[in-house]
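Colleague: Once you've had a glance at the structure underneath, I'll fire off some questions.
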Amino acid sequence: MCIAGATGWTGRALVPAVLEAPDLALTSAVSRSAAGRDLGEALGGAALRVPVHTSVGEDALDGVDVLIDYTSATAVKANAMAAIEAGVGVVVGTSGLTATDLAEIDSAAREHSVGVVASGNFSVTAAMCQAAALLAARHLAHWEIIDYASDAKPDVPSGTARELAERLGEIRQPEVGYPVRDLHGPKEARGVTVGGAQIHSLRLPSFVVSTEVVFARPDERLTIRHDAGGTAGPYVEGTLLAVRKVPELVGLTRGLDNLLLAAN
């Protein structure tokens, strides 16, 4: 496999996990800041004989079955498309893809008979949070989402919150007490509408990524929330689960919860 974003926050956690897995082999990496170097040396350790490339292209994908992408919102779509066109499966952990982007990726993946797994969050507990919210939406008609992240995070809303809103919207459109379009005052105060739901993005120091969905009925509320810690460790298990599963798939599978629930 190839890890795009191998010297980034999540990529650094994935590299040793892949190297330790007896059924996986890391053959290349992509990192603009470390291009031309050996990945091990770029990470401050011994050489791994894993070349680092500038971009996802033919050299980076040579002999690769799966591309893992933890890059940026500006690079992820082009990376996924390049891999799909090369017949390489893709695991996308990068946020910033819209529903339209994902539809295009799904179409391309089906055309080339390869699998893509994209998830706004590859944490197992975040996946269970999403699964619980999807169940709740079948019975509760009102909800809004609060998206918390670091003040340094450039994309809004987070991939976790966007995915949650869009997938909840596939179950049903949430009911809104007073239409946003008819509000008096700045409509931005009600957040952004995604999948029919309002998302409110907070960007403050001390947060990593936290996602909260609040369901309500008259005189009662249900809050489902996931809080990420300060390391990338929680994302490793889910990413490797997707890596092992994606060669069996064709087209886009969205959400780690779909893989986890299918496995059970």
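The values are calculated or read from the model by the stated rules, or taken from the named source; none is laboratory data. Owing to the predicted nature of the structure, the values given are computational and were not obtained by experimental measurement. Positions of Cβ are generated from backbone atoms using ideal geometry, with glycine treated the same way; all protein chains shown enter the neighbour counts. With ligands, DNA and RNA removed, areas are computed over all heavy atoms of the protein, side chains included. Shrake-Rupley method; radii C 1.70, N 1.55, O 1.52, S 1.80 Å.
Colleague: D for segment 1-154, whole µm²/s, Stokes-Einstein with Kirkwood Rh over alpha-carbon pairs at 37 °C and 0.692 mPa s: what number?
Modeller: For the chosen part, D equals 196 µm²/s.
Colleague: Kindly express, to the nearest 10 degrees and within the range 0 to 90, the angle between helix 234-245's C-alpha long axis and the longest C-alpha principal axis of the chain.
Modeller: Here the helix axis deviates by roughly 70 degrees.
Colleague: Which residue, L249, L164, L19, tops the fluctuation ranking in a GNM of the chain built on C-alpha contacts under 10 Å?
Modeller: Comparing L249, L164, L19 in the GNM, the peak value goes to L19.
Colleague: Let me check something: with ligands and nucleic acids excluded, how do I146, I84 order by accessible area (1.4 Å probe), largest to smallest?
Modeller: I146, I84
Colleague: Just the accessible area per residue of segment 122-264, please: how many Å² with a 1.4 Å probe?
Modeller: It amounts to 51 Å² per residue over segment 122-264.
Colleague: Right, next: Can you give the log10 of the normalised intensity I(q)/I(0) at q = 0.14, 0.17 Å⁻¹, computed with Debye over equal Cα scatterers of the chain?
Modeller: -0.95, -1.31
Colleague: Let's test the formula: R0 of 22 Å, r as the Cβ-Cβ distance of V180 and V214. What FRET efficiency results, to the nearest 0.05?
Modeller: Between V180 and V214 the formula returns 0.85.
Colleague: Would you mind telling me the share, in percent, of accessible area of the chain contributed by carbon and sulfur at probe 1.4 angstrom?
Modeller: On the way: 6450 of 12520 Å².
Roughly 52 percent, rounded to a whole number.
Colleague: Nearest 10 degrees, 0 to 90: what angle lies between the long axis of helix 9-20 and the longest principal axis of the chain (Cα atoms)?
Modeller: Taking the Cα atoms of the chain, the angle to 9-20 is about 50 degrees.
Colleague: Starting from the 7 Å offset along Cα-to-Cβ, what nm value, one decimal, do you get for the label separation of A136 and W9?
Modeller: About 2.4 nm separates the two model spin labels.
Colleague: Something else: Just the Cα atoms of segment 108-247, one point each, no solvent: what log10 I(q)/I(0) does Debye give at q = 0.11, 0.17, 0.22 Å⁻¹?
Modeller: Those come out to -0.46, -1.00, -1.38, one per q.
Colleague: Given a 1.4 angstrom probe, what's the average accessible area per residue across segment 70-110, in square angstrom? Each step should come with its number before you reach the end.
Modeller: Values: 1540 Å² over 41 residues.
The answer is 37 Å² per residue.
Colleague: Something else: What is the calculated FRET efficiency for E20 to E248, with r their C-beta to C-beta distance and R₀ = 30 Å, to the nearest 0.05?
Modeller: Values: r = 23 Å, r/R0 = 0.76.
About 0.85, to the nearest 0.05.
Colleague: Using a 10 angstrom cutoff on alpha carbons, build the Gaussian network for the chain and name the most mobile of S72, S119, S95.
Modeller: Highest fluctuation of the listed residues: S72.
Colleague: Please work out the average accessible area per residue across segment 21-61, using the 1.4 Å probe convention, and give it in Å².
Modeller: The answer is 57 Å² per residue.
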